[in-house]
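Below is one structure, written out as structure tokens, with a few remarks after it.
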Amino acid sequence: MSQFLRPQYQNLKPYTPGEQINADYIKLNTNESPFPPSPRVGEVLRSGIEERLHLYSDPTLGELHRAVATKFGLTEDYVMAANGSDDVLAFAIMAYAGSGGALVCPDITYGFYPVYANLFGAKLVTILLRDDFSLNAEAYFNAPGTVVIANPNAPTGIALPLSEIERIIAANPENIVIIDEAYMPFHGESCIPLLAKYDNLLVTMTMSKSHSLAGLRVGFAIANPHIIADLNRIRYSFNPYNLNAISIKAAAAAIADDEYYDGCIAEINRTRAWVTDELVQLGFTCTPSVANFIFAAHPAIEGNELYRKLKERMILVRHLDSPRARGHVRISVGTTEQMTALINEIRSILEDKNA
Ligand code: PMP
């Protein structure tokens, strides 16, 4: 650290992204899709788009906003896209919790929420999940600030029913409630219909998981137009060209291809079900995940040891070193072949330990 860094940034604890190693690992650590994106993305890349890269991208993001709005049966003014949903979350936390506000979230959830709270000067208020990692909606009633809940939650994969989400939104009329639906497509229950009833709801989504476009970096906010106007105020004050021309066109093409993605999602859900069964037979306990990952713990091996042993065997999973998650690993759902290799290696690791 240099002596020039402003004091408020000197104690930042940056987010630690999952390892992105360019070697022959079976990569089950950052919840990417194992499938390629829709063929329509390739068509965009082969369309001669490079000939227009001397021009700035469209700051209104109109083409992408129209595609998202059409998919969800909304008008464009309900949508704002950004460079990954991380960007959307950053803008929202800056806008509604930053500079002395508060951000309220579960103790075990997406690790970026506390980082953004810290970066933007929001007080972080964490609410304990129950021992089975389920979320008690009533603990969020009349929250002391902006609420952010991932639904399904990460790293547990547990979803809160829409009726419980609605109770939280209804019980916080003075605060924005951000529902992070990064993994919603695997579960299929979005809270977008609640936008018609509540003006304090902000939904975030990503193309990184269900839509196989983690490398493209596209996410979006869906909310009532006055909220979208707030977010655009921040976006235009920060970087109006936050999405590049390739991302805009490729994401717009992909989001319209429901037929292709519905097939990928169904396959991932089938794989999650059989891998969970196999893990349970090997003595693991798994949370009831409805997302594209499994959160699993075994009585005979600590999460960190399992992570290390799998890495030696060229399989990457994610271990999160927080006290209540320490026993677990989070395993992204890959292809049948990848998951068969995972189960075989786990079986052999447990045999080595005589477990
Ligand atoms: N929300 C949750 C719950 C996530 O797990 C992730 C990805 N790690 C994100 C948001 C951010 O996704 P992206 O920036 O790729 O859209």
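What number comes out for the charge environment of Ile248, summing +1 per Lys or Arg and -1 per Asp or Glu over other residues with Cβ under 13 Å away? Local net charge: +2.
Using Cα-Cα distances under 8 Å and only pairs 6 or more residues apart, what relative contact order does the stretch 195-324 have, in percent? Relative contact order for the stretch 195-324 comes out at 14 percent. Shape class of the stretch 294-337 from the alpha-carbon gyration tensor: prolate, with a/c at 1.5 or above and a/b greater than b/c.
Take every pair of alpha-carbon atoms less than 8 Å apart whose residues are at least six positions apart; their mean separation over the length of the chain yields a relative contact order of 23 percent.
If R0 equals 35 Å, the separation of the Cβ atoms of Ile21 and Thr75 corresponds to a calculated FRET efficiency of about 0.25. Over the stretch 83-224, calculate the relative contact order: mean separation of alpha carbon pairs under 8 Å at least 6 apart, over the residue count, as a percent. Answer for the stretch 83-224 is 24 percent. Count charges around His226 for me, please; just the other residues with Cβ under 10 Å from its Cβ, Lys/Arg as +1, Asp/Glu as -1. It works out to a net charge of -3. Per-residue ellipticity at 222 nm, computed for the chain from helices alone with -39500 (n - 2.57) per DSSP H run of at least four residues, works out to -11000 deg cm²/dmol. For the peptides 261-267, 338-344, residues were scored by their other Cβ atoms within 10 Å and the scores averaged per peptide; the highest-first order is 338-344, 261-267. Working note: Debye formula, equal point scatterers on the alpha-carbon atoms of the stretch 130-175, no solvent; log10 I(q)/I(0) at q = 0.14, 0.17, 0.21, 0.33 Å⁻¹ is -0.32, -0.47, -0.70, -1.30.
Here the translational diffusion coefficient of the chain follows from Stokes-Einstein with Rh set to the Kirkwood radius across Cα pairs; for 10 °C and 1.306 mPa s it amounts to 75 µm²/s.
For trypsin sites (Lys or Arg not before Pro), no site in the stretch 230-287 is both called loop by DSSP and has at most 13 other Cβ atoms within 10 Å. Given Lys71/Lys249; Lys27/Lys71; Lys123/Lys197, which pairs have Cα atoms separated by over 24 Å? Where the Cα-Cα span goes over 24 Å, the pairs concerned are Lys27/Lys71; Lys123/Lys197. Reachable aspartates and glutamates from Lys309, Cα under 13 Å, same-chain residues fewer than 8 places away excluded? Once the sequence-local aspartates and glutamates are set aside, what remains near Lys309 is Glu345, Glu351, Asp352. Under 16 Å from a point 7 Å along the Cα-to-Cβ line of Arg326: which residues of the stretch 107-151 have their amide N that close? What the label zone holds, given the 16 Å backbone N cut-off, is 108.
Here, each number is a calculation from the coordinates, and none is a lab measurement. As the structure is a prediction and not an experimental result, all values here were calculated from the model. Quick reminder, even Gly has a Cβ in these numbers, built from the backbone with ideal geometry, and neighbours come from all protein chains shown.
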